[in-house]
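Working notes, structure below.
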Ligand code: NAD
């Protein structure tokens, strides 16, 4: 297929690399010179505008930082809808707020386009391996038209329902991850201070009722889980900034639906503390250091108790 791609960053670069490897023609655009240089090296035809990227496209993907970027790129005067063929399916794979995602569906449909929100989980490593989980909102028939292209980048594809439901699934999942991560950090530090052997405790918890994905893959005590970011001083991984962004979207969704998400609010406060300390690019399991520093309790209680 002819693929137009806007946003060739940490995720867009490996995702387009896989599309090129699978034999698709990819024309890409990004504002950042390093991003376009890397994409060109990986076989993407880099162009100088959105209009050129979407010219003749069967499918157009956007992979951008936030809702404001997606809205500008998709609905702007020089944007995707103004320039793509009406036969193109437009897919926003960025993680954005649900309201903007639903607005994009409405605007795209009014302009005569088939549109999907299709955020992903799996991170940069999942993008490189082509094993991302796609959470798709929109008409199932539209998904079927582009399934073949998405499959190149995906391990699993879930159709989550109507417009915005892909974002709803993504945001809710990541909110649960954040809470489980905080729970794992508190358990890990408490277990250690109570004199338990960390490796033994982690192993027994994975087969007990304290189990979670965060416990199994991100255990924040060195030397317990090989792949955990604590073993490499929290370099790379899933950044504190990105988890904070996703929690912000979850808090927004909690407010708009009248849902008490105070545990998520508590974790968001802790992440803010890390950002203030200049740690936004470190892996988010660096949350554990707040407990180890002993500075956690006050701000944490404020977050949880409102
Ligand atoms: P990134 O910042 O590395 O990439 C975004 C790219 O968009 C940048 O290269 C930037 O130059 C480009 N861009 C911004 N505005 C633009 C515009 N107007 N026109 C063209 N290009 C523009 O971000 P990322 O890590 O690739 O994440 C992209 C999206 O995927 C985000 O919404 C993020 O929340 C989500 N996501 C990221 C991860 C991850 O682990 N990095 C995992 C899952 C989902």
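Rule-based calculations on the coordinates, nothing more; no lab input. A quick note: this is a predicted structure, and the numbers were derived from the prediction, not measured. Note that each Cβ is placed from the backbone with ideal geometry, even for glycine, and that neighbours are counted across all protein chains shown.
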Original post:
In angstroms, what radius of gyration and Dmax does the chain have, counting Cα atoms only?
Top reply: 20.4, 64
**OP:** Report, in degrees rounded to the nearest 10, the 0 to 90 angle that the Cα long axis of helix 240-257 makes with the longest principal axis of the chain.
**Re:** 80
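Work the Kirkwood hydrodynamic radius out for the stretch 2-162: mean of 1/r over every pair of different alpha-carbon atoms, inverted, in Å.
Numbers: mean 1/r = 0.0663 Å⁻¹.
Taking the inverse mean of 1/r over all distinct Cα pairs, the stretch 2-162 comes out at 15.1 Å.
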Original post:
Using a Gaussian network for the chain with springs between C-alpha atoms less than 10 Å apart, which of these wobbles most: 107, 206, 95?
Top reply: 206
Original post:
Please report, for the Cα atoms of the stretch 80-204, the Rg to one decimal and the Dmax as a whole number; what are they, in angstrom?
Top reply: 19.1, 64
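Just from its helices, what would the mean residue ellipticity at 222 nm be for the chain, if runs of 4 or more DSSP H residues each count -39500 (n - 2.57) and the sum is divided by every residue, rounded to the nearest 500 deg cm²/dmol?
Values: 15 runs with 163 residues, N = 306.
Calculated from helices alone, the mean residue ellipticity at 222 nm is -16000 deg cm²/dmol.
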Original post:
Which of these, 256, 212, 198, has the largest mean-square fluctuation under a Gaussian network model of the chain (Cα springs below 10 Å)?
Top reply: 256
Original post:
For the stretch 146-275, taking Cα atoms only, what is the radius of gyration to one decimal and the Dmax to the nearest whole Å?
Top reply: 16.8, 54
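Which of 160, 185 has the fewest other C-beta atoms within 10 Å, and how do the rest follow up to the most?
Numbers: 160 20, 185 26.
Arranged by neighbour count, lowest to highest, 160, 185 become 160, 185.
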